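A.B. asks: Right, I'll just put the structure down here and ask away after.
Quick note: the coordinates plus some simple rules give every number you see, no bench work behind them. These figures come from a predicted structure and were not determined experimentally. FYI the Cβ positions are ideal-geometry reconstructions off the backbone, even for glycines, and counts take in every protein chain you see.
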């Protein structure tokens, strides 16, 4: 077949199972966009490349498939950078296709030229500059293979314009990917599994600390089996929310800086920490020397480099979380009801004594936590929740009752403001059957608010709940607690009328100032089927996220008094 | 302690940048780095000397393995290995001291490869200890310029 590079590219994408891409055209991308014009691949036009990257990222998080985004050379490609770094930090499989100036112009500072493979070196799992049209098929196959296998991550493929224009004689080769420096992790050390099983048998106060790795390896079932059969309580990281049902009697919710008191106390008392698909992030461990001080540690992760990176581990098991958990489960008998009753009793007492709670607003405004509780009640854990980054994100993690993996889409590692709304678009494209709600702050939403155009154009009924406190709330909270209340540049009360902004784009805008109207507004929003809805909730201005472990503090030493 | 890592990598553009970026990003310190072709034209070998305790070296190795273009890493520090480094030293050498320098050159069995009016260039090959010793011996005469290649290493015997 005589085909242009761009046509070969799209065929290769389809052979990888790609049916939807998110992107933004430009000069260097003209050949690819010309080929898209007559292709079956669905292209969602973002309003900013960053939006396309986050949407593709969320599409991947929701489906488990590789997300694909496109951007042109130079500024188009650099606009993807935050999105790529976000996906990299959270280990999300993504392939980013960037246009590049023609090969003859590379290195000559041509118009809209940027060294995107150089720029993205430290924030990609791997990247490619395609130098021959003949190499395209192999590069695309490798890119998808690398993105989705082992610890997933983003891969950038830079596509010079002339390589895309060139016509060659091409038939798909469908060759097996064989990269000598990259082997897919198969199996694990079963001796280590036996050692882990021994520790679990003997443990009196075990605890499971589960993270994003459980979700990316689709191991929720196996995790639940381990927890239920062995009567082991489960606490999850922000990235792990949804991998274990929030309402389960063994669930301790989130741990760490804004974790529940009972999760953090349980970590402090535990004699065996079973760390599954986690990386001992500083937001989780607090002061590392006092983290789980009495516990032996079993660490299961696909990435050998995570073992021993931050903490010393007694039993490291490098392998796919799902297969390792399966192996552990198969070697253990379910324990008796009476087993570990004392431990469970201790935890239940903490749960009774220190539940998540919040006060009322001194200004008589809506308490933000209440909105999350309402969203949770109305959607019964059957929605996809995305978030921006800040206080609202923590409240979402604390108060939403998750039931399913892949239902909480948040930027955990990089902490990217402006992530949630484009992520909601990607999530809705992936799962039009589910309600998709972006829990946002008034600061974050303004970082990618232009994507209202995208959501309106594609008739995507995503719901954006702005928790509007007219502050950059999380930074304000830290200023209040650690910088003597000097609110340096965090008051953003000069802001647009979000209802009018929504309406100007053709979306629905609702303003809610009264606690009693929260329920109605959410119900109304959930009824809309053909356009996005923006709800501008005026929330208490100075509500803080509690409890809180001060940065660098120990988990058992939490701020927040009654909360 | 300094470890010597012998790293085989794909011979492709950008691989050196990937390795260097990794070291910078993770805060590991490269003491020396030598890169060159191997018997297989598609593979290059990097000999990296890096300072750190066992835990750091383990992290370096694991992180290096995550680079798709890195094929194999051998820590040759504790292996029976031949290690060599080459140095060129331009040293001040007027007529008064020339004889002394030549004597040092003879003792170390290295070579003089260039003679200027007031200087000599000395070429020396050996393990790092020998190179250090030569450098120390010549320093009193005044070293004008010095360039070291960084260490290369190969495990003894039939193993590859």
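A.B. asks: Is the shape of the range A:298-338 rounded, prolate or oblate, going by the alpha carbon gyration tensor and its root eigenvalues a ≥ b ≥ c, with a/c under 1.5 for rounded and a/b larger than b/c for prolate?
C.D. replies: It is oblate, given that a/c is not under 1.5 and a/b is not larger than b/c.
A.B. asks: Once you keep just the Cα pairs under 8 angstrom separated by 6 or more residues, what percentage relative contact order results for chain A? List each step's numbers first, then the result.
C.D. replies: Values: 1275 pairs, mean separation 78.0, N = 563.
For chain A, the relative contact order is 14 percent.
A.B. asks: Separate question: How high is the relative contact order of the range A:2-169, in percent, counting Cα pairs under 8 Å that sit 6 or more residues apart?
C.D. replies: After rounding, I find 28 percent.
A.B. asks: Considering only DSSP beta bridges whose two residues both sit in the protein assembly as shown, what percent are antiparallel, to the nearest 5?
C.D. replies: Bridges in the protein assembly as shown are about 45 percent antiparallel.
A.B. asks: Continuing with this model, one more query. In terms of the Cα gyration tensor, with a ≥ b ≥ c the square roots of its eigenvalues, is the protein assembly as shown rounded because a/c is under 1.5, prolate because a/b exceeds b/c, or oblate?
C.D. replies: It is prolate, given that a/c is not under 1.5 and a/b is the larger ratio.
A.B. asks: Another question about this same structure. Nearest-5 percent of antiparallel DSSP beta bridges in the range A:2-169?
C.D. replies: Given both bridge residues lie in the range A:2-169, the antiparallel proportion sits at roughly 10 percent.
A.B. asks: Next question. Compute the whole-percent fraction of alpha carbon pairs in the range A:368-538 spaced more than 20 Å apart.
C.D. replies: 47 percent
A.B. asks: Using a/c under 1.5 as the rounded threshold, could you call the range A:190-353 rounded, prolate or oblate? The axes a ≥ b ≥ c are square roots of the C-alpha gyration tensor eigenvalues, and prolate needs a/b larger than b/c, oblate otherwise.
C.D. replies: Judged from the Cα gyration tensor, the range A:190-353 comes out rounded (a/c under 1.5).
A.B. asks: In what sequence, highest mean first, do A:383-391, A:114-122, A:551-559, A:535-543 appear when ranked by Cβ atoms within 10 angstrom? Provide the component values of the computation, followed by the final result.
C.D. replies: Details: A:383-391: 27.7, A:114-122: 19.1, A:551-559: 15.9, A:535-543: 23.0.
Per-residue Cβ counts within 10 Å, averaged per peptide and sorted highest first, yield A:383-391, A:535-543, A:114-122, A:551-559.
A.B. asks: For every helix of n ≥ 4 consecutive DSSP H residues, a contribution of -39,500 (n - 2.57) applies; sum these over chain B, divide by its total residues, and give [θ] at 222 nm rounded to the nearest 500 deg cm²/dmol.
C.D. replies: Rounded to the nearest 500, the figure is -10000 deg cm²/dmol.
A.B. asks: Per residue of chain A, what 222 nm ellipticity follows from adding -39500 (n - 2.57) for every DSSP H run with n ≥ 4, rounded to the nearest 500?
C.D. replies: For chain A, the value works out to -10000 deg cm²/dmol.
A.B. asks: Give me the number: length gained by fully extending residue A:190 to residue A:165, i.e. 0.36 nm times residue separation minus the C-alpha to C-alpha distance, one decimal in nm.
C.D. replies: Working: separation 25, 0.36 × 25 = 9.00 nm, distance 5.13 nm.
Fully extending the segment from residue A:190 to residue A:165 adds 3.9 nm.
A.B. asks: With bins 5 Å wide starting at 0, give me the P(r) of the range A:131-276 over every alpha carbon pair, in whole percents.
C.D. replies: Reading upward from the zero bin: 2, 8, 14, 15, 13, 10, 8, 7, 7, 6, 5, 3, 1, 0.
A.B. asks: For the range A:368-538, what is the percent of antiparallel DSSP beta bridges, rounded to the nearest 5?
C.D. replies: 5 percent
A.B. asks: On a 0 to 90° scale, report how tilted helix B:95-108 is relative to the longest principal axis of chain B, with both axes built from alpha carbons and the result rounded to the nearest 10.
C.D. replies: 40 degrees
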